[in-house]
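Have a look at the structure below before the remarks.
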Amino acid sequence: MGCGRVGSSLAIELEAAGHSVAIIDQARDAFRRLGPDFKGLTITGVGFDSDTLLEAGIERADAFAAVSNGDNSNILAARVARETYGVQNTVARIYDPGRAEIYQRLGIPTVATVIWATDQIMRRLVPEGSRSEWRDATGTVQLAEMHPHKSWYGKAALLIDQITPARVAFITRLGEALIPKEHTVLQEGDLLHVMVLDSDMATTEKALSHPPDEAP
């Protein structure tokens, strides 16, 4: 639902990947974004209206994305798709970060675009220190790239799990990702990616900015 820049891009990419796609928008002109080669269904209507959804094939849909420019419309449409028509793979785009946690509790996965965009811009404005790479819809847990003190190199990667509140998710080494094992040792040049609660971010950054034996 929604044939804006995100919706049209999703539809084109899904079709290119071999999926059959139906896209709904209230404005017929919005379908111009799909280009002349799009072969899916284009339905003019309201995305949470049952007749519109049925015309789009909701009863046989494997997934539903609500990406219009309205938070309320997106969450309502996603709930109808899941609760009325049993579509398990649903997602709603949410602009208001304050609503994202509430909607997440309703069982609808959300993409909080303001939080994501803020993180991405901060990564470019302040490249030093930690950089958020992903944040859950509630805004309480994030995947962050950390730059530890040079004294951590040569130490076991999982020592970070013992000393800090964070958990090592993976390491990028020479352009390849690896999940650390018991004897994996950090090497100079490694990019360290950890899962951490927002509330523990400052503590984790402080601990990794010191040598392991001096970590606060």
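Between ALA202 and TYR95, the distance separating the two model label sites (each 7 Å from Cα on the Cα→Cβ line) works out to 3.2 nm. The chain has equivalent-ellipsoid semi-axes of 42, 18, 15 Å, by the square roots of 5 times the alpha carbon gyration tensor eigenvalues, sorted largest first. Using 0.36 nm per residue and subtracting the Cα-Cα separation, the extra length available between GLU145 and ARG5 on full extension is 47.5 nm. Taking the DSSP bridge list for the chain and keeping only pairs wholly inside it, about 65 percent are antiparallel.
For a modelled paramagnetic label at ARG60, 7 Å from Cα along Cα-to-Cβ, the residues of region 11-32 in reach, with backbone nitrogen under 15 Å, are 19-23. With R₀ fixed at 41 Å, the C-beta to C-beta distance from ALA17 to GLN162 puts the FRET efficiency at about 0.45.
Summarised as an ellipsoid, region 5-115 has semi-axes of 22, 16, 13 Å, derived from the eigenvalues of the Cα gyration tensor scaled by 5 and square-rooted, with the largest first. Normalised size of region 128-214, defined as Cα radius of gyration per 2.2 N^0.38 Å with N residues, equals 1.00. A crude spin-label estimate for the pair GLN187 and GLU133, with each label 7 Å from Cα along the Cβ direction, gives 1.7 nm. In the chain, the calculated helix contribution to ellipticity at 222 nm averages -8000 deg cm²/dmol per residue, counting -39,500 (n - 2.57) for every DSSP H run with n ≥ 4.
Each reported figure results from applying straightforward, stated rules to the coordinates on display, with no laboratory input. Bear in mind the structure is a predicted one, so any value in this text is a computation, not a measurement. A quick note on method: Cβ atoms are made from the backbone with ideal geometry, for glycine too, and the neighbour counts reach across all protein chains shown.
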